[in-house]
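To start, the structure itself, in structure tokens.
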Amino acid sequence: MMKKCKEKIEGYPHVQTILMDWNEAEPDVNLLRHDIVIASRSIAGEDIKKLCSFAKKFVVLIGWANAPSIPEIRSALFDSARKSGYVIRHIPINHDRRLQYNLQYNLVYDLGYEPNINIVRDGFERCYKSKDDAYADLQHLISDPDELNQDIYKRNVDKYLTYTPESGYRFYFETRTFVMWWETYPKQFLNHEFIS
């Protein structure tokens with residue numbers, strides 16, 4: 001992931017990558033504070049107070065929103081194609097809407113911040129010149145590609161490929177993402193007692 005990140009930021013001298021364990025990160029000790037801190041599908045979203053300690057102005061939290069994520073994508077491509085019939089047992093994903101991003105929203109709110117949220121329709125997407133390029137590249141999502149029945153695997157991939165003369169073969173697995181953001185120092189108002 002770090003390699004891909006470095007490729008994307010090439011030519012932007014003001015952006016740097018830092019490989020560090022989140023549990024060891026300390027604001028202004030081994031990692032500077034910044035105006036905006038973004039945690040995208042990261043363990044950092046589990047500790048909102050710590051995440052806020054790195055942001056001078058805003059925090060942005062990004063995660064899966066009641067939709068398929070990496071385990072489901074991998075299952076759709078690989079599980080039925082394994083020669084051994086072995087299926088990887090993933091951590092169960094709870095698709096109960098009551099136990100999704102609303103918990104993080106409420107946690108942020110309960111900590112005294114005023115969160116905003118937007119749900120974005122997106123997906124896992126890549127473009128390829130040929131189907132064979134897609135098959136070869138997507139096999140990197142599994143540790144043992146030699147274990148796959150190639151005919152079944154290719155049929156699984158084909159379900160998510162579309163062809164256009166302009167861009168070639170597009171792999172697209174639809175999902176949804178929540179984008180939540182808040183000021184780290186919201187305005188404080190006087191406590192008002194409401195009379196019922």
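Aspartates and glutamates within cross-link reach of Lys154: Cα-Cα under 16 Å, excluding same-chain residues under 8 positions apart?
Asp79, Asp132, Asp133, Asp137, Asp144, Asp146
Could you line up Phe58, Phe171 from fewest to most neighbouring Cβ atoms inside 10 Å?
Ascending Cβ contact count within 10 Å gives the list Phe58, Phe171.
What residues have an amide H closer than 5 Å to that of Arg176, excluding those fewer than 5 places away on the same chain, when H is modeled at 1.01 Å from N in the peptide plane?
Long-range HN contacts for Arg176: Ala65, Ala67, Asp122.
Give the residues of region 36-51 whose amide nitrogen is closer than 16 Å to a point set 7 Å from the Cα of Glu26 in the direction of its Cβ.
Counting backbone N atoms under 16 Å from the label point, the list is 50-51.
Express in nm, to one decimal, how much length is gained between Lys83 and Lys57 on full extension, taking 0.36 nm for each residue of separation and deducting their alpha carbon distance.
Gain in length upon complete extension: 4.2 nm.
What does the charge add up to near Arg126, with Lys and Arg as +1, Asp and Glu as -1, over the other residues with Cβ less than 15 Å from its Cβ? Provide the component values of the computation, followed by the final result.
Values: positive: Lys4, Lys8, Arg74, Lys129, Lys131, Lys159, Arg170; negative: Glu7, Asp122, Glu125, Asp132, Asp133, Asp137, Asp158, Glu174.
With Lys, Arg at +1 and Asp, Glu at -1, the neighbours total -1.
In a GNM of the chain with a 10 Å cut-off on Cα contacts, which of Leu32, Leu138, Leu51 has the highest mean-square fluctuation?
Leu32
Within a 10 angstrom radius of the beta carbon, how do Cys5, Cys127, Cys52 rank from fewest other beta carbons to most? Each step should come with its number before you reach the end.
Working: Cys5 11, Cys127 14, Cys52 20.
Arranged by neighbour count, lowest to highest, Cys5, Cys127, Cys52 become Cys5, Cys127, Cys52.
Step through the table entries Lys6/Lys159; Lys6/Lys50; Lys3/Lys50; Lys3/Lys83; Lys4/Lys83, compare each Cα-Cα distance with 28 Å, and write down the pairs that go over it.
Lys6/Lys159; Lys3/Lys83; Lys4/Lys83
Quick one: Arg121, Arg170, fewest Cβ neighbours within 10 Å first, how do they rank?
By the 10 Å Cβ count, ascending: Arg121, Arg170.
Give the calculated FRET efficiency between Arg155 and Glu114 to the nearest 0.05, with a Förster radius of 45 Å applied to their Cβ-Cβ distance.
Values: r = 48 Å, r/R0 = 1.08.
After rounding, the FRET efficiency stands at 0.40.
No value in this document is a laboratory result; all are computed from the given coordinates. Computed from a prediction, not measured in an experiment: that's the story for all the values here. Cβ coordinates were reconstructed from backbone atoms using ideal geometry, including for glycine residues, and neighbour counts include every protein chain displayed.
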